[in-house]
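Student: Below is a structure I'd like to ask you about.
Rule-based calculations on the coordinates, nothing more; no lab input. Note that this is a predicted model, so its numbers are computed, not measured. As a convention, Cβ positions derive from the backbone with ideal geometry for all residues, glycine included, and neighbour counts pool all protein chains shown.
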Amino acid sequence: MFFKCSPFGHFYQNHIARGPANEGHGETVTNGKKHFTVDIHCHIHVPEADEMLKTLSPDYTGRSMVDTNPLTTKINKEQQASILPQLTDPEIRLRDMDQQGIDVQAVSPSPFHYNYDYDADFTRNTCKIVNDRVAEVVASHPDRFVGLCTVPLQNCDLAIAELERCINELGFKGVEISTNVQGMDLTRAGLDKFFSRVEDLNTLIFMHPIGTSYKERMDDHYFRNTIGHPLESALAVGHLVFDGYLDKYSGLKICVAHGGGYIPAYYGRFDHPFRLRDDCRTNISEPPSKFVNQLFFDTVVFTETQLRHMIEVWGADHVVMGTDYPYDMAETDPVGHVNSVKNLSDEDKALVMGGNATKLLNLDVNEFTSN
């Protein structure tokens, strides 16, 4: 029997039905979970930032990167209205966390708040509004929330300034960035000083795409999300690897959303040509997989098979539990999803469910109380 416990969250109690569409989902263990749990991938929306955008264009919806045809636009509009309480109200969020068995959320801004396409000063101002709201939510329940910030990445100096404000003054634990800046790859957008500063601060980068820069063939079937997001992450990871950034900034802590996109499941296509072609060795002298193995990937891959493969290849110490709360592409039973992985030891479950995130986010577990 199913029990739906929130307007859109689809958080089930008891067993979740098995089948190809939800392979790998186990039993929610809200009351009997063994491990400290952290959700590395969940979002908050700040309507005040939307209002700021309307001052530039009264008709602006902020969703042009995903509203691709009339049916998709209708569904997206209805979804945004339906989940707005979860996106804005900490008390509803806490209720859902308890149902999911989540002790702590690392709250990141909705990717719709990136605003990289606008004047950098304007984006800096929207970032401050968004980040200040995240700080308010964290302060309201500091035993349940930590914050990730957004920065005006189209201007390296302004991005560093906002990063430092959020980390040093607001106590944030990381920064969320997209996979490109105005269509430019992260390694070619003049961000060397930004990556260097993030490395110096020993703070987490959570890399999360929004839509895709390759739009022409992705208007239908929600492809800008289902194909576009993992493709964007694959391209971003590819440039970080082959442009030598993961070698140059080897101390970076980067977690890539949605299981890292396509690369973690198909890394052999990076390593094979590296051995054969000079154009795959222009900036690196070691196999690409060595650098991919410096990254971390969340568990939002939906099937036990893919999650198990990711853990087997990259190690349980490189996989971090996430949900993508509260969107429709969310993993609604994150603890059950990890528990479903065959032959995964209790020690490795503890790493994936919260241990890895604790290290990445520089958390002191003693500051947080269990549910």
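Student: Which of Arg93, Arg165, Arg144 comes first, and how do the rest follow, when ranked by fewest Cβ neighbours within 10 Å?
Tutor: The most exposed by this proxy come first: Arg165, Arg144, Arg93.
Student: While we're looking at this one, here's another question. Starting from the Cα-Cα distance between Asp157 and His141, subtract it from 0.36 nm times their residue separation and give me the gain in nm to one decimal.
Tutor: Stretched out fully, the Asp157 to His141 stretch lengthens by 2.6 nm.
Student: Give a quick list of GluC sites (Glu not before Pro) in segment 193-299 that DSSP marks as loop, anything other than H, G, I, E or B, with at most 12 other Cβ atoms within 10 Å.
Tutor: Glu216
Student: Report, in listed order, any pair from Lys77/Lys173; Lys34/Lys359; Lys193/Lys359; Lys34/Lys290 with a Cα-Cα distance greater than 22 Å.
Tutor: Lys77/Lys173; Lys193/Lys359; Lys34/Lys290
Student: Now a separate question. Going through segment 191-225, which trypsin sites (Lys or Arg not before Pro) have at most 12 other Cβ atoms within 10 Å and a DSSP loop state?
Tutor: Passing both the DSSP loop test and the Cβ count: Arg217.
Student: Among Asp98, Asp200, what is the fewest-to-most ranking by other Cβ atoms within 10 Å?
Tutor: Ranking Asp98, Asp200 by Cβ neighbours within 10 Å, fewest first, gives Asp200, Asp98.
Student: Just need the relative contact order of segment 245-371 here, percent rounded to a whole number, with Cα pairs under 8 Å and 6+ apart.
Tutor: Normalised by residue count, the contact order of segment 245-371 is 23 percent.
Student: Okay, moving on. Do me a favour and compute the ellipsoid semi-axes for the chain from its Cα gyration tensor, root of five times each eigenvalue, largest one first, whole Å.
Tutor: 28, 26, 22
Student: If contacts are Cα pairs under 8 angstrom and at least 6 residues apart, what is the relative contact order of the chain in percent?
Tutor: About 22 percent, as a whole number.
Student: Taking Rh as the Kirkwood radius, which is the inverse of the mean 1/r over Cα pairs, what is the Rg/Rh value for segment 214-300?
Tutor: Result: Rg/Rh = 1.01.
Student: Could you tell me the ratio Rg/Rh of segment 215-371? Both radii from Cα atoms, Rh via Kirkwood.
Tutor: We get a ratio of 0.99 for segment 215-371.
Student: Determine the percent antiparallel among the DSSP beta bridges restricted to the chain, to the nearest 5.
Tutor: 10
Student: Counting Lys and Arg as +1 and Asp and Glu as -1, each charge on the Cβ, what is the dipole of the chain about the Cα centre in debye, to the nearest 20?
Tutor: The dipole of the chain has a size of about 580 debye.
Student: For Gln306 paired with Glu48, estimate the spin-label separation in nm (one decimal), with each label point 7 Å from Cα along the Cα-to-Cβ line.
Tutor: Taking the simple label geometry, Gln306 and Glu48 are separated by 3.7 nm.
Student: Let me ask something else. How would you rank His208, His272, going from fewest to most other Cβ atoms within 10 Å of each one's own Cβ?
Tutor: Arranged by neighbour count, lowest to highest, His208, His272 become His272, His208.
Student: Go through 340-351, 234-245 and give me the packing order, highest mean Cβ count within 10 Å leading.
Tutor: Peptide ranking by packing, descending: 234-245, 340-351.
Student: While we're looking at this one, here's another question. Report the relative contact order of segment 122-173, percent, no decimals, based on alpha-carbon pairs under 8 angstrom and at least 6 residues apart.
Tutor: Across segment 122-173, relative contact order equals 37 percent.
Student: Which value in deg cm²/dmol, rounded to the nearest 500, describes the helix-derived mean residue ellipticity at 222 nm for the chain, given -39,500 (n - 2.57) per DSSP H run of n ≥ 4 and division by the residue count?
Tutor: Result for the chain: -11000 deg cm²/dmol, rounded to the nearest 500.
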